[in-house]
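**Student:** Can you keep this structure in mind? I'll have questions shortly.
No value in this document is a laboratory result; all are computed from the given coordinates. Everything numeric here is computed off the predicted structure, so don't read it as measured data. Neighbour counts run over all protein chains shown; Cβ positions are idealised from the backbone, glycine included.
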2 protein chains.
Amino acid sequence: MATIKEIAKKAGVGVGTVSRYLNDHPYVSEDKRKKIQAAIDELDYTPSAIATQLRSQSTKNIGVLVSRLANPFFAELFDAIERKLNLYGYQVLVSQTHDDSAAEQRFLDQLKNHQVDGVILASVENHELVRSFAQAYPQKVILLNEENKYRDIQSVTLNHYQATLDALNYLFTQGHRHFVYVTGGNYTVKSHGYSRTKAFQDFTKQHQLSIDPDWLFSQKHTATDGQEIARNLIKNSKNTLPDAIFTNSDEVAIGLIDELQKNNISVPKDIAVIGYDDQPFARFAAVPLTTIRQPISAMANKAVNILLKNLTGQDVPENITNEDLKLKGCSSNQVDGGSS
Amino acid sequence: MATIKEIAKKAGVGVGTVSRYLNDHPYVSEDKRKKIQAAIDELDYTPSAIATQLRSQSTKNIGVLVSRLANPFFAELFDAIERKLNLYGYQVLVSQTHDDSAAEQRFLDQLKNHQVDGVILASVENHELVRSFAQAYPQKVILLNEENKYRDIQSVTLNHYQATLDALNYLFTQGHRHFVYVTGGNYTVKSHGYSRTKAFQDFTKQHQLSIDPDWLFSQKHTATDGQEIARNLIKNSKNTLPDAIFTNSDEVAIGLIDELQKNNISVPKDIAVIGYDDQPFARFAAVPLTTIRQPISAMANKAVNILLKNLTGQDVPENITNEDLKLKGCSSNQVDGGSS
DNA sequence: TTAATACATGGAATCGATTCCATTAAACGA
DNA sequence: TCGTTTAATGGAATCGATTCCATGTATTAA
């Protein structure tokens with residue numbers, strides 16, 4: 001393979017001049033430009049990316065970590081990230097954890113040995129480990145759609161509170177007043193999914209809706225759970241049925257709808273049911289489902305924007321406005337990653 | 001970040017000794033080992049991968065090109081490739097073409113600028129371009145599950161001839177004698193899918209089965225095509241219906257089965273239908289389908305084995321035997337990539 | 001005791017591109 | 001005409017790890 005030295009020799013100039021030519025520096029005469037280009041063409045020269053990386057101390061590589069790419073949610077996320085990063089001349093290195101924290105460790109080590117300039121984590125196994133890396137490499141670690149356990153790592157997530165509120169208000173404008181609320185966590189305790197529950201509480205308070213304790217369900221996760229909820233509602237509600245059900249997941253929603261329909265209760269005519277797609281398998285499900293969709297590519301773009309801004313110090317032009325993001329319920333949480 | 005020089009200084013030894021220690025060379029005294037390790041621990045040193053790559057002229061990175069990772073077939077392929085390559089200390093750089101040959105060009109350029117040691121192409125847009133790279137970088141380009149147009153590039157594909165023969169013989173042992181054959185190409189001309197057609201022809205000749213020209217269908221690709229075939233068979237076959245149908249794709253098979261069942265013909269009781277999964281969406285389809293499955297991870301392993309053997313000169317231990325591969329109908333076609 | 005190995009080690013040269021520094025030539029202002 | 005910018009250029013130093021070479025010491029063989 002040809003090197004810059006050989007080009008310089010063949011063109012009869014110094015290596016410095018060749019380098020300046022390659023990098024569009026000023027002060028290269030038209031005369032030499034031609035000679036250099038001729039030498040490059042003749043020897044089919046391409047600069048070694050490795051050498052450039054070593055000298056410039058930057059790789060233009062970004063690592064992306066997901067648990068499984070076979071999961072369409074992550075595939076879509078990766079796709080959006082790759083598209084955006086390619087626009088800025090960055091290359092993406094994806095790795096899968098398969099829920100193994102050793103793989104996560106290997107992935108993060110790429111920050112240490114300078115294989116990547118930064119990382120986007122769409123999946124985290126060992127929160128302590130990630131945190132230590134985020135502190136050692138501030139500005140280089142971004143969480144995406146992942147619980148920000150210590151709140152001191154830069155992250156981009158769906159604004160669950162706002163998204164839930166939007167969905168509930170939508171149901172309200174449709175005339176619904178009798179709500180059932182289903183959560184995967186705990187209704188009262190600040191556990192996973194609490195911001196959705198908080199939104200529900202604020203919503204009912206704001207509209208002065210009464211909450212029937214029998215219509216609050218906790219620790220529900222599966223389609224079977226959904227079916228049970230439906231049977232429970234039908235059995236216990238002698239006089240009135242609810243007219244809207246908010247669930248924490250699409251699985252639960254599907255089970256619910258299935259069981260309701262078996263009992264000749266029409267969805268959404270008699271009861272509106274809304275799902276929540278943590279994983280967007282819902283798109284492929286048999287039952288068309290109203291669900292709170294995660295704005296995957298908006299989130300990906302946001303994460304990339306933040307990371308590139310950190311790395312280059314320059315604002316990356318957004319191709320989506322902040323207003324769009326807000327409407328879609330996507331917000332970002334920028335915090336300094338700790339002391340440098 | 002600490003460098004090897006700083007480690008050498010702190011440990012009171014030469015850089016050569018540190019390097020030898022790091023690379024497990026002999027001739028480093030126990031005394032210095034301890035000192036060096038202490039310095040490494042104290043400064044939290046990790047060797048720069050970039051510097052190592054420059055000096056050793058090898059990156060331990062392999063590029064993988066697919067059209068879309070959101071396609072589960074490619075996601076599975078990538079997964080298998082990554083698992084295998086990680087075992088040998090290689091890192092994977094995936095890129096998606098999205099059917100754009102400019103993206104393919106950018107991907108292949110990574111060979112030129114030494115970002116990757118080799119590439120696996122599971123998708124090709126511009127055959128001429130790929131060929132020129134395969135010739136410029138012999139041993140470094142492997143086709144995977146892609147038509148090997150010029151037959152002079154190393155490639156791994158399903159042995160369609162054998163797989164088809166196996167499937168037909170299976171039907172034969174089940175007692176079927178009246179076959180319908182559906183192809184996406186042309187029955188007589190050597191076009192895409194011809195090796196399957198060849199297998200069918202050899203099969204019928206071997207067992208001296210007569211072929212009804214009305215039971216040969218060409219240029220069929222969609223589920224709608226499948227339905228048409230079913231209607232056609234029912235209408236025209238006054239006296240006898242076939243008892244087995246071999247199709248070139250799962251889409252066609254699904255349409256066929258659907259239409260047959262609508263006409264009260266039971267599958268597989270009355271007629272056996274066999275599909276072919278070029279893309280494994282069949283696994284998620286509503287109708288359980290007998291299909292010729294592509295041995296994805298076996299193909300991926302084979303491709304990686306060949307590539308690593310090319311690169312290192314060493315035989316990579318197979319974790320699947322060749323016998324297994326044959327049974328699964330997977331074969332490889334090793335050809336020299338041209339003159340160096 | 002001497003010669004021949006084996007064991008250990010430091011450090012210069014190297015991989016290939018970038019950048020700073022020194023130098024020279026041309027253009028410009030007064 | 002002379003001093004001062006501006007334009008062009010070559011090449012050494014640099015990024016950080018590896019490897020070869022030279023040198024030195026300890027061990028073994030004869």
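**Student:** Rank these for me by crowding, B:123, B:195, going from fewest to most other beta carbons within 10 Å.
**Tutor:** If I rank by nearby Cβ atoms, fewest first, I get B:195, B:123.
**Student:** Separate question: Which of B:25, B:221, B:114 ends up with the largest GNM mean-square fluctuation for chain B, with Cα atoms connected below 10 Å?
**Tutor:** Of B:25, B:221, B:114, the most mobile in the Gaussian network model is B:25.
**Student:** Report, in cubic angstrom per residue, the convex hull volume of the C-alpha atoms of chain B.
**Tutor:** Values: hull volume 58.4 nm³, N = 340.
Each residue corresponds to 172 Å³ of Cα convex hull volume.
**Student:** In addition: At 0.36 nm per residue, minus the direct Cα-Cα distance, what do residue A:266 and residue A:240 gain on full extension? Give it in nm, one decimal, please.
**Tutor:** 7.9 nm
**Student:** Report, to the nearest 10°, how far helix A:296-312 tilts away from the longest principal axis of the Cα atoms in chain A, using its own Cα long axis and a range of 0 to 90°.
**Tutor:** For A:296-312 against chain A, the angle is about 40 degrees.
**Student:** No solvent, one uniform scatterer per C-alpha: report log10 I(q)/I(0) for segment A:4-47 via the Debye equation at q = 0.13, 0.25, 0.28, 0.31 1/Å, two decimals.
**Tutor:** -0.20, -0.78, -1.00, -1.22
**Student:** Now a separate question. Rounded, prolate or oblate: which one fits the protein assembly as shown, using the alpha carbon gyration tensor with axes a ≥ b ≥ c (rounded when a/c is under 1.5, else prolate when a/b beats b/c, else oblate)?
**Tutor:** It is oblate, given that a/c is not under 1.5 and a/b is not larger than b/c.
**Student:** Helix B:72-87 versus the longest principal axis of chain B: what angle, 0 to 90°, nearest 10, using Cα atoms?
**Tutor:** Roughly 30 degrees, rounded to the nearest 10.
**Student:** Between B:209, B:168, B:93, where does the largest GNM mean-square fluctuation fall for chain B, given springs only between Cα atoms within less than 10 Å?
**Tutor:** Checking each option, the largest mean-square fluctuation is seen for B:209.
**Student:** Quote the FRET efficiency, to the nearest 0.05, computed for residue B:88 versus residue B:258 with a Förster distance R0 of 35 Å and r equal to the Cβ-Cβ distance.
**Tutor:** Working from the Cβ atoms, E equals 0.15.
**Student:** What are the nm distances, shortest first, from residue A:24 to its equivalents in the other copies, labels at 7 Å along Cα→Cβ?
**Tutor:** Its label point is 4.7 nm from the equivalent points in the other copies.
**Student:** Could you name the lysines in cross-link range of residue B:34, using Cα to Cα under 21 Å and dropping any fewer than eight places away on the same chain?
**Tutor:** The reachable lysines, counting only those whose Cα sits under 21 Å from residue B:34, are B:5, B:9, B:10.
**Student:** Under a 5 Å amide H to amide H cut-off, with H placed in plane at 1.01 Å, what residues pair with residue A:292 once short-range neighbours are removed?
**Tutor:** Result for residue A:292 returns A:275, A:276, A:277.
**Student:** Taking θ = phi - 60°, what integer Hz values does the Karplus form 6.51 cos²θ - 1.76 cosθ + 1.60 yield along segment B:166-179, in sequence order, with x for Gly and Pro?
**Tutor:** Those phi angles translate into 4, 5, 5, 5, 4, 4, 4, 5, 7, x, 7, 10, 10, 9 Hz.
**Student:** Find me the longest stretch of chain B that has none of the exposed GluC sites (Glu not before Pro), where exposed means in a DSSP loop (not H, G, I, E or B) with at most 13 other Cβ atoms within 10 Å.
**Tutor:** B:148-317
**Student:** Determine the shielding of peptide B:43-53 by partner chains: average, over its residues, the number of Cβ atoms on other chains within 10 angstrom of each Cβ. All intermediate terms of the calculation are to be shown ahead of the outcome.
**Tutor:** Details: counts 0, 2, 1, 5, 3, 7, 10, 14, 5, 3, 7.
Per-residue shielding by partner chains comes out at 5.
**Student:** Once amide H atoms are placed 1.01 Å from N in the peptide plane, what residues at a sequence separation of 5 or more from residue B:94, or on another chain, have their amide H within under 5 Å of its amide H?
**Tutor:** Amide H neighbours of residue B:94: A:94, B:64.
**Student:** A further question on this structure: In what order do B:130, A:28, B:15, B:252 fall by count of nearby beta-carbon atoms within 10 Å, going from fewest to most?
**Tutor:** B:15, A:28, B:130, B:252
**Student:** Treat every Asp and Glu Cβ in segment A:180-256 as -1 and every Lys and Arg Cβ as +1, leave all other atoms uncharged, and give the resulting dipole magnitude about the Cα centre to the nearest 20 debye. Before the final figure, lay out each step's value.
**Tutor:** Details: 8 positive and 8 negative charges, 39 e Å.
Using only the charged Cβ atoms, the result is roughly 180 debye.
**Student:** Continuing with this model, one more query. Using only Cα atoms, find the angle between the long axis of helix A:127-136 and the longest principal axis of chain A, and express it within 0 to 90 degrees, rounded to the nearest 10.
**Tutor:** It is inclined by approximately 40 degrees.
**Student:** Can you list the distances in nanometres, one decimal and ascending, from the residue B:268 label point to the identical position in each other copy, with the point 7 Å along Cα to Cβ?
**Tutor:** Label point to label point, same position, other copies: 4.3 nm.
**Student:** Dipole of segment A:4-47, Cα-centred, from +1 at each Lys and Arg C-beta and -1 at each Asp and Glu C-beta, to the nearest 20 debye?
**Tutor:** 180
**Student:** Quick check on my link table: of A:149/A:220; A:60/B:140; A:60/A:112; A:205/A:269; A:84/A:140, which ones sit more than 19 Å apart, alpha carbon to alpha carbon?
**Tutor:** Among A:149/A:220; A:60/B:140; A:60/A:112; A:205/A:269; A:84/A:140, the Cα-Cα distance tops 19 Å for A:149/A:220; A:60/B:140; A:205/A:269.
**Student:** Please list, ordered by chain and number, the residues whose modelled amide H lies under 5 Å from the amide H of residue B:180; skip anything fewer than 5 residues away on the same chain.
**Tutor:** The list, which skips near neighbours in sequence, is B:244, B:245, B:246.
**Student:** Would you mind computing, in nm to one decimal, how far apart the modelled labels at residue B:51 and residue B:70 are, each placed 7 Å from Cα along Cα→Cβ?
**Tutor:** Taking the two extended label points, one gets 4.3 nm.
**Student:** Across all directions of projection, what mean area in square nanometres is found for the Cα convex hull of segment B:1-90?
**Tutor:** Details: hull surface 31.4 nm².
Seen from a random direction, the Cα hull of segment B:1-90 projects 7.8 nm² on average.
**Student:** Send over the semi-axes of segment B:176-292's equivalent ellipsoid, whole angstrom and largest first, taken as the square roots of 5 times the C-alpha gyration tensor eigenvalues.
**Tutor:** Its equivalent ellipsoid spans semi-axes of 20, 18, 13 Å.
**Student:** Give the Rg (one decimal place) followed by the Dmax (whole number) of segment A:32-180, computed from C-alpha coordinates and expressed in Å.
**Tutor:** Rg and Dmax of segment A:32-180, Cα atoms, are 21.4, 80 Å.
**Student:** Along Cα→Cβ at 7 Å, what distances in nm separate the residue B:221 label point from those on the other copies, shortest first?
**Tutor:** 4.4
**Student:** If eta is 0.692 mPa s and T is 37 °C, what Stokes-Einstein diffusion coefficient results for segment A:106-203, Kirkwood Rh from Cα pairs, in µm²/s?
**Tutor:** D = 209 µm²/s.
**Student:** Hey, what number do you get for chain B at 222 nm if only DSSP H runs of n ≥ 4 count, each worth -39500 (n - 2.57), divided across all residues, to the nearest 500? Kindly include the intermediate steps, with their values, before the conclusion.
**Tutor:** Values: 13 runs with 153 residues, N = 340.
The per-residue figure over chain B is -14000 deg cm²/dmol.
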